[in-house]
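Trainee: The structure that follows is given in the form of structure tokens.
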Amino acid sequence: TGVLDDCLCDIESIDDFNTFKIFPKIQKLQERDYFRYYKVNLKRPCPFWADDGHCSIKDCHVEPCPESKIPVGIKAGSSNKYSKAANNSKELEDCEQANKLGAVNSTLSNQSKEAFIDWARYDDSQDHFCELDDERSPDAQYVDLLLNPERYTGYKGPSAWRVWNSIYEENCFKPRSVYRPLNPLAPSRGGLESVCHFSWTGLCLEKRVFYKLISGLHASINLHLCANYLLEETWGKPRWGPNVKEFTRRFDPAETKGEGPRRLKNLYFLYLIELRALSKVAPYFERAVVDLYTGNGHEDAESKALLLDIFRDTKSFHMHFDEKSMFAGDKKGAKSLKEEFRLHFKNISRIMDCVGCDKCRLWGKLQTQGLGTALKILFSEKEIQSLPENSPSKGFQLTRQEIVALINAFGR
């Protein structure tokens, strides 16, 4: 409850606005074909340490189709990538069988496969900004996000701790004099969660914003794990649902030395930043030249109309975060701080390749990329305002991957 730091917005206004205006529409948008399929490489090696903590729990697992079974049309980067694949039904059955073995389901209908060929062609013409997965890699695969919800899979302990520790201690702006290594085996009540206790003294607005965004992302992920928790597994039939005890452990003031409510406030702050990005990027999508292309003209038109409707709502919100207060100092200092911001964030996106549970890695990568796309938008306001109406712009581009990540991260 109450007002958020560093902006003039209160929790109650965000709750009302989201519940009645935004959430029902975002939910509908996430179910549409353009936004439900996300291409991701879950096999990229961890660039920072030997990958020792791979999760062997069934619900962490992804069983991708063998390379030989995937129709040629989906294989980005192959020489005949736009040709129609002759699908052998036996191969398709093998492929679907392989998918059923894993908790991440990457099964696709033939219609979707046709659409992906066109999407790939559209994506090839885009400029990249963040470190995105190489979609042409043979390890990159399409995943249906609706069939693979973000939830608690049982992945925890030193491996999960190490990822968050690396994010906070090495990539989170905070006074260097305060170093609190997180120890998963220490007897602290908060466990993994007792993170970054420090005063804001000496931290400029930009660095406070960065820390709060990462903390908000962490809170979002933890909330989804608590809300969709594996409560019991009887006779091989799992039952998922809210785990209030786990929620209390992570967010109750008494259990977290007063930190819990601040983490939740940071989640609202993250929401405000992504909301602001959506309101700023509207002109990019309002142009006729931008089409949410799946190959189904009727559905594409409906998806775009719904997206533009959401943009109108985001613009109507009267307590936006004012990003103009960021990077507003002398030009040279602002530029180097912005670059530092970008590199820190890029590093965090690479740390997501160190997550040992594939389903957690999928959602970690998607949400990090969504936030990275939101930051890219907020730092590109001039370029967005000067976009040509009828031709692709050189100054500012979003790939389909970035668009899907932005909407689904905000949906989280």
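The values are calculated or read from the model by the stated rules, or taken from the named source; none is laboratory data. The shown structure was predicted, so the numbers you read here are calculated from the model rather than taken from an experiment. A quick note on method: Cβ atoms are made from the backbone with ideal geometry, for glycine too, and the neighbour counts reach across all protein chains shown. For accessibility, only protein heavy atoms count, side chains too; no ligands or nucleic acids. Shrake-Rupley method; radii C 1.70, N 1.55, O 1.52, S 1.80 Å.
Trainee: Round to a whole number: what % of the accessible area of the range 274-412 belongs to carbon and sulfur, probe 1.4 Å?
Mentor: Heavy-atom surface of the range 274-412 belonging to carbon and sulfur, 1.4 Å probe: 53 percent.
Trainee: For the pairs Lys315/Lys335; Lys257/Lys315; Lys207/Lys331; Lys359/Lys382; Lys338/Lys382, flag any whose C-alpha to C-alpha distance is greater than 26 Å.
Mentor: Too far apart for the 26 Å limit: Lys315/Lys335; Lys257/Lys315; Lys359/Lys382.
Trainee: Right, something else. Starting at the first residue of the range 402-412, write each ³J(HN,Hα) from the Karplus equation 6.51 cos²θ - 1.76 cosθ + 1.60 with θ = phi - 60°, in whole Hz, x for Gly and Pro.
Mentor: 5, 5, 5, 5, 4, 5, 6, 5, 5, x, 4
Trainee: Next question, about the same structure. Check Trp240: other-chain or 5+ apart residues with amide H under 5 Å from its amide H, H built from backbone geometry?
Mentor: So Trp240 has HN proximity to Leu231.
Trainee: Shifting gears a bit: Output the Kirkwood hydrodynamic radius of the range 249-314, Cα pairs only, in Å rounded to one decimal.
Mentor: Evaluated over the range 249-314, this radius sits at 14.5 Å.
Trainee: Hey, got the dipole for the range 241-283? About the Cα centre, +1 on K and R Cβ, -1 on D and E Cβ, debye to the nearest 20?
Mentor: 120 debye
Trainee: Using alpha carbon centroids, what distance separates the range 363-412 and the range 213-259, in Å?
Mentor: Value for the Cα centre distance between the two parts: 29 Å.
Trainee: Hey, what's the range 318-384 come to in accessible area per residue, 1.4 Å probe, Å²?
Mentor: 40 Å²
Trainee: Against the empirical 2.2 N^0.38 Å scaling, what ratio does the C-alpha Rg of the range 204-321 come to?
Mentor: 1.44
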